[in-house]
Amino acid sequence: MPHLVLEHSADLGDEAIRLTCEALFQTACNSPVFANIAAIKIRSIPCRNVHMGTKPQSFAHLTVWMLSGRDTEQKKTLANDLLNVMDQHLPNVGVLTVDPRDMDSLTYAKRVI
């Protein structure tokens with residue numbers, strides 16, 4: 001844990017998304033919010049069917065799933081840091097958003113080989 005899930009317009013291009021994911025991963029690794037760097041995971045999900053009320057009709061939305069225990073200020077700082085990375089790597093994308101989410105540490109299950 002944590003899981004960073006980047007949903008995005010499919011037309012943004014594989015290379016731009018790959019570089020963005022690498023930069024987001026590095027930012028998460030450097031964040032004091034996460035103590036266990038080995039647990040950080042990032043994945044992207046291209047969305048082929050996108051309809052928006054804004055122009056350009058492109059987006060990237062990062063959901064950060066993490067175990068509960070961080071305060072609001074930590075999550076806000078993390079969200080802003082990650083949004084800055086997205087803005088640097090995806091400057092022409094219409095809408096960029098970041099949403100930190102808590103997972104219940106009492107019910108989260110994990111298996112590692």
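The values are calculated or read from the model by the stated rules, or taken from the named source; none is laboratory data. What you see is a predicted model; the values in this text were computed from it and never measured. Counting neighbours? That spans all protein chains shown, and the Cβs are built from the backbone with ideal geometry, glycine included. Side chains included, ligands, DNA and RNA excluded: accessible areas come from the protein's heavy atoms. Shrake-Rupley method; radii C 1.70, N 1.55, O 1.52, S 1.80 Å.
By the helix-only formula, in which each DSSP H run with n ≥ 4 contributes -39500 (n - 2.57) and the sum is divided by residues, the chain has a 222 nm mean residue ellipticity of -10500 deg cm²/dmol. Charge dipole of the range 11-107 (Cα centre as origin; +1 on each Lys and Arg Cβ, -1 on each Asp and Glu Cβ, all else neutral): 140 debye, rounded to the nearest 20.
Placing +1 at every Lys and Arg Cβ and -1 at every Asp and Glu Cβ, with all other atoms neutral, what dipole size does the range 12-67 have around its Cα centre, in debye to the nearest 20?
The calculated dipole for the range 12-67 is roughly 160 debye.
For the range 4-68, taking the reciprocal of the average inverse distance between every pair of different Cα atoms yields a Kirkwood hydrodynamic radius of 13.0 Å.
Remark on L67: its backbone amide H falls under 5 Å from those of M103, a criterion applied only to residues 5 or more positions apart or on other chains, H modelled at 1.01 Å from N. Solvent-accessible surface of protein heavy atoms, probed at 1.4 angstrom with all chains present, puts T20, T77 in the order T77, T20, largest first. Only one residue of S105, A38, C21 has its Cα farthest out toward the positive end of the dipole of the chain, where Lys and Arg carry +1 and Asp and Glu -1 on Cβ, and that residue is S105. Working note: Karplus 6.51/-1.76/1.60 with θ = phi - 60° gives the range 34-48 the couplings 10, 8, 9, 4, 5, 8, 6, 9, 9, 8, 10, 10, x, 10, 7 Hz, where Gly and Pro are set to x.
Ranking L106, L6 by solvent-accessible area of protein heavy atoms (1.4 Å probe, all protein chains present), from largest to smallest, gives L106, L6. Residues whose amide H falls under 5 Å from that of G94, counting only those 5 or more places apart or on a different chain, are S58, F59, with hydrogens built in the peptide plane. The phi-based Karplus calculation (6.51 cos²θ - 1.76 cosθ + 1.60; θ = phi - 60°) puts the 3J(HN,Hα) values of the range 59-68 at 8, 9, 10, 9, 9, 10, 8, 9, 5, 4 Hz, whole numbers, x for Gly and Pro.
DSSP assigns beta bridges within the chain; of those with both partners inside it, close to 25 percent run antiparallel.
Given a 1.4 Å probe, how much area per residue of the chain is accessible, in Å²?
61 Å²
Leaving ligands, DNA and RNA out of it, report the carbon-plus-sulfur percent of the accessible area of the chain at a 1.4 Å probe. The computed percentage sits at 52.
For the chain, the percent of C-alpha pairs falling in each 10 Å distance bin, counted from 0 to the bin holding the largest distance, reads 13, 46, 29, 11, 0. Short-range pairs are left out: with C-alpha atoms under 8 Å and at least six residues apart, the relative contact order of the chain is 35 percent.
Rounded to the nearest 10 degrees, the inclination of helix 14-30 to the longest alpha-carbon principal axis of the chain is 30 degrees. Helix 72-89 and the longest principal axis of the C-alpha atoms of the chain enclose an angle of approximately 40°.
Of the residues A60, A38, A28, the one that moves most in a GNM of the chain with alpha-carbon contacts below 10 Å is A38.
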